[in-house]
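One structure is given below, encoded as structure tokens.
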Amino acid sequence: MKRIRPDAGPRTILMLQGPASALWREVRDALTAQGHRVLHVALALGDVVYWRRRGMIAYRGTLDDWPAWLESLILREGIDDLLYFADCLPYHRAAAELAARRGLRAWAVENGYLRPDWLTLEPFGMGRHSRFARCPDRIVALAEGQPPASLDSAWPLPFWVDAMNEMAFNIAHSAGRPFFPHYDDDRVISPWREYAGWVPHLMRLRRIRSQARRVERRCLSGADPYAVIALQMETDYQIRVSSDFTSQAEMLEIALLTMARRAPPQMRAVVKVHPCDNGLIDWWAVVEGLCQRFGLEGRVDVIRGGRLDALLRQAIGLITINSTTAVHALRLGRPVIALGEAVFDVPGLTHQGGLETFWAAPEHPDPVLFDRWCRAMAAEIQVRGSQKQRHGRRIAAREIARRITHGDRYWRLHDSQSPLSVEPAALPAPRVAATPS
């Protein structure tokens, strides 16, 4: 097995599929400015559209043939580092396994755990694959001497800019099938069907917003205690890969069943739909059916919209699978329970009992530990910047290049000799205490 090479001059870096923005080519420019050789594998037409640089190699083979082809490329070109966006894409999972076997560095980039205006740059992968410390003492050690992490917005981006980039990227993938006939994007829903789901939502937008405002006013009046249940995108990889749920309907079933069994009779719940939800699942109907089953009629609201921070400030806590909405709640000092595996699921930060106890006695986060967690995250696996906003994107690209260049500093989480390392041991099982009858 090839050993991970220490920082010793220029490296050869292979970039796999990137995000729906110019970030990848700006990272490439920053890396080449530091003397590195950079190659890029295009898996689909969207990769070609957003690259616009030399050093691109098109892969038009099948997913089954990908590992052998990639290994041959790595050996032929003398690759030292792999860099990819979205660690759960099947091509990237195979690349990470190959890198681990050959002793190469594999860097996974994703949206940040800290929000807003942060990106993740983490060895190998996130969620269930993360090696970041889950022990409070190690988190405190990693945070020592590090400055506070800013959680304020520095580079706001209009929603339509984000949406247009995603649409262009996915439409290019679909339109490019003649050029990349075997590309497997591993999507649960086709982009065309997903975008079609927005049409009825936009037609009902005024009514949806009005209903959300009514629910928000009732919650903020203080009349009854309530918990917020944060939904993610149903297609979120972290649901499939980093939890035991196959859908969020299963999570809602467990959450509302335990509410019916253990919550005080005056307790309410607000199910908050993800702002980018495609509308293909009628969450109002799903929740209504569950409430009828469990005798919770009139106690659970579903909203799309509303002011998240305002709702969280007065909630008894937040229930989620592993949404980064939890970081907002922890910042506000509100209890959080993660029903899947999450990097923020740390004793002292999140509720460590099951849902059965959360409804009546949720554990509050330690504000000092949360501050240390943010500092450690920013120092080790978070990069300040933006994926799509131009100025923030350039700042992020330069920092990603700097960390890859000085990789030994950031690879210590994988160094078995380091007292701060985290072995890839089995993580605790998701805290789902009840089984529907």
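Some points to look at:
- Checking M164 against (1) open to solvent by 70 Å² or more (accessible area, probe 1.4 Å); (2) under 19 Å from E399 (Cβ atoms); (3) among the aliphatic types (A, V, I, L, M), the condition it does not meet: (2)
- Applying the criterion of being among the charged types (D, E, K, R), modelled with pLDDT of 95 or more and within 10 Å of A143 (Cβ to Cβ) to the residues of segment 366-405, the residue that is most open to solvent (accessible area, probe 1.4 Å) is R372.
- Criterion applied to T324, T320 was being buried (at least 24 other Cβ atoms within 10 Å of the Cβ) and either among the small types (G, A, S) or under 17 Å from the mean Cα position of the chain (by Cα) (or both), and the one residue passing it is T320.
- The set of residues from segment 329-351 being surrounded by fewer than 21 Cβ atoms within 10 Å (Cβ to Cβ) and touching a residue at least 24 places away in the same chain (Cβ under 8 Å) comprises R331, G333, P347, G348.
- Count of residues meeting criterion [open to solvent by 10 Å² or more (accessible area, probe 1.4 Å) and either modelled with pLDDT of 95 or more or touching a helix residue (DSSP H, G or I) at 6+ places or on another chain (Cβ under 8 Å) (or both)] in segment 142-159: 9
- Residues in segment 324-352 that are touching a Ser or Thr at 6+ places or on another chain (Cβ under 7 Å) and within 12 Å of L114 (Cα to Cα): A326, V343, F344.
- Restricting attention to segment 318-338, the residues being in a loop (DSSP other than H, G, I, E, B) and within 20 Å of I239 (Cβ to Cβ) number 4.
- W51 within 25 Å of D236 (Cβ to Cβ), surrounded by 14 or more Cβ atoms within 10 Å (Cβ to Cβ) and in contact (Cβ under 8 Å) with a residue 12 or more places away in the chain: no
- Residues of segment 7-47 satisfying the condition of being over 22 Å from the mean Cα position of the chain (by Cα), surrounded by 17 or more Cβ atoms within 10 Å (Cβ to Cβ) and of a type in the set (V, I, T): I13, T32, V38, V41
- Residue in segment 352-361 that is assigned to a loop (DSSP other than H, G, I, E, B), acidic (D, E) and open to solvent by 30 Å² or more (accessible area, probe 1.4 Å) present: no
- Here Y50 clears all of (1) more than 22 Å from H406 (Cβ to Cβ); (2) outside any helix (DSSP H, G or I); (3) touching a Ser or Thr at 6+ places or on another chain (Cβ under 8 Å) except the condition numbered (2).
- Checking F180 against (1) surrounded by 14 or more Cβ atoms within 10 Å (Cβ to Cβ); (2) of a type outside the set (G, A, S); (3) modelled with pLDDT under 90, the condition it does not meet: (3)
- Residue pairs meeting the criteria (Cβ under 6 Å; at least 6 apart or on separate chains; first more than 17 Å from R28 (Cβ to Cβ), in segment 384-395; second open to solvent by less than 20 Å² (accessible area, probe 1.4 Å) and of a type in the set (S, T, N, Q)): G392/S386
- Condition met for I171 (over 22 Å from the mean Cα position of the chain (by Cα) and open to solvent by less than 10 Å² (accessible area, probe 1.4 Å)): no
- Summed over segment 274-304, residues that are of a type in the set (A, V, I, L, M, F, W, C) and at pLDDT below 95 total 3.
The values are calculated or read from the model by the stated rules, or taken from the named source; none is laboratory data. All values derive from a computational prediction rather than experimental measurement. Methodologically, a virtual Cβ is constructed for each residue, glycine included, from the backbone with ideal geometry; neighbour enumeration extends over all protein chains shown. Side chains included, ligands, DNA and RNA excluded: accessible areas come from the protein's heavy atoms. Shrake-Rupley method; radii C 1.70, N 1.55, O 1.52, S 1.80 Å.
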